[in-house]
Amino acid sequence: MKKNMKRMIALGLVITTTGIMSGGCGSEERNVSNSAGGEDGVFTIAYAPNESTTESADARKGLAEDLSKELGCDVEEIQASDYNAIIEALRTGKADMAYMGSQALALGVERTDLEPIVMKAEEGDPEKAIYHSVLITGSGNDEINSIEDIKGKTMAFVDPDSTSGNLVPTAEIIQAFPDENLTSDNLHTNGDFFEAVSFSGSHQAGLQAVIKGDVDVVPISDQILESEISHGNASEGDVKVIHESGAIPAEAMVVGEHVTQETRDLLTEFLTSYDNEQYFTDVIKVPGARFVECDMSDYEEIIELNKIINEF
């Protein structure tokens with residue numbers, strides 16, 4: 001995983017709650033001397049819009065119910081408007097744990113002492129704790145067949161804080177056009193490199209936009225693309241992949257700095273043994289995946305890439 005990222009590095013709360021928002025829960029049954037995070041007895045998990053689809057609601061609720069039994073308190077989920085809202089919720093204690101991509105993590109460490117504890121991995125294999133960003137266009141678009149064909153077209157990135165939907169494709173495009181002297185700023189400015197550029201808000205929305213022909217090109221996580229096809233929200237014949245990035249470290253569950261070490265250990269033990277297949281299929285978007293233990297070292301290269309891109 002880290003070896004594959006080297007070529008990219010070389011490029012040198014508005015929150016809607018599904019329940020009570022809080023900073024954690026008490027745990028008298030486990031004799032935890034310090035509560036698991038807050039005064040109102042509720043442990044809160046934050047998710048971004050990508051993990052808040054119709055299919056994922058029941059699966060997310062299932063994990064909350066299972067974790068509630070483990071911690072001995074209520075567990076609620078909140079849906080954040082974007083990754084900035086998640087980071088702010090962790091910083092202020094309105095969320096205790098969150099599921100986020102590596103760029104959001106890279107931004108989050110600049111604002112608060114969050115810590116990744118587990119990351120998703122296909123088949124529970126740490127060597128497969130990766131995914132890719134792919135650039136796609138409509139299958140009927142004969143003008144675009146590779147990344148070299150996207151100049152002057154319309155592009156919809158996903159979200160400013162999305163790893164596979166913004167950070168990595170930005171780096172890949174800069175690398176593909178070395179003579180253009182591209183920067184992140186002019187890639188995201190109408191009329192500079194692209195005819196028009198926007199943000200779709202989610203991978204799913206971007207996918208539908210390119211299928212409908214509203215935009216020419218969008219980046220999307222290869223795992224989300226596969227999930228959308230398997231759920232019948234798109235068909236393989238709707239789009240074509242014109243570029244695939246190098247390996248990206250998988251999304252992680254992170255905890256806020258206010259969460260005690262004892263609670264972190266309980267969470268890590270619970271998550272690495274969690275085997276609810278519906279959760280991994282509908283929320284994590286990788287059937288057969290499981291969580292594996294991780295730490296900040298797994299994300300050092302993305303953190304560095306984020307710094308490099310933002311300095312262009």
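The values are calculated or read from the model by the stated rules, or taken from the named source; none is laboratory data. From a predicted model like this one, the values you see are computed outputs, not experimental measurements. Methodologically, a virtual Cβ is constructed for each residue, glycine included, from the backbone with ideal geometry; neighbour enumeration extends over all protein chains shown. All accessible areas refer to the heavy atoms of the entire protein, side chains included, with ligands and DNA or RNA removed. Shrake-Rupley method; radii C 1.70, N 1.55, O 1.52, S 1.80 Å.
Values of log10 I(q)/I(0) for segment 216-259 across q = 0.33, 0.34 Å⁻¹ run -1.28, -1.30, by the Debye formula with one identical scatterer at each alpha carbon and no solvent.
In segment 73-114, the convex hull through the Cα atoms has an average projected area of 3.0 nm², a quarter of its surface area.
Share of pairwise Cα-Cα distances greater than 29 Å in segment 55-208 is 31 percent (whole percent). Seen from Ile144, the other residues with C-beta closer than 13 Å to its C-beta sum to a net charge of -3, counting Lys and Arg as +1 and Asp and Glu as -1.
Restricting the calculation to Cα atoms, segment 157-206 yields a radius of gyration followed by a Dmax of 10.7, 32 Å. Taking each of Lys94/Lys128; Lys151/Lys240; Lys120/Lys212 in turn, the alpha-carbon distance tops 25 angstrom for Lys94/Lys128; Lys120/Lys212. In order along segment 230-245, the phi-based Karplus estimate (6.51 cos²θ - 1.76 cosθ + 1.60, θ = phi - 60°) of 3J(HN,Hα) comes to 5, 8, x, 7, 7, 10, 4, x, 6, 9, 10, 8, 10, 6, 10, 7 Hz; Gly and Pro are listed as x. Here the accessible area is traced with a 1.4 Å probe on the protein chains. For segment 56-191, carbon and sulfur cover 37 percent of it.
So with the 1.4 Å probe, I'd like the accessible area per residue for segment 234-312, rounded to whole Å².
40
The string of couplings for segment 285-294 from the Karplus curve (6.51, -1.76, 1.60, θ = phi - 60°) is 6, 9, x, x, 6, 8, 8, 10, 5, 8 Hz, one whole number per residue in order, with x for Gly and Pro.
Binning all Cα-Cα separations of segment 201-302 at 10 Å, short to long from zero, yields these whole-percent fractions: 12, 35, 31, 17, 5, 0. For the listed peptides 295-306, 78-89, a ranking on the average number of other beta carbons within 10 Å per residue, highest first, reads 78-89, 295-306. Shown in residue order for segment 248-265 are the 3J(HN,Hα) couplings computed by the Karplus curve 6.51 cos²θ - 1.76 cosθ + 1.60 at θ = phi - 60°: 10, x, 5, 4, 10, 8, 10, 10, x, 5, 6, 6, 5, 4, 4, 5, 4, 5 Hz (x for Gly and Pro).
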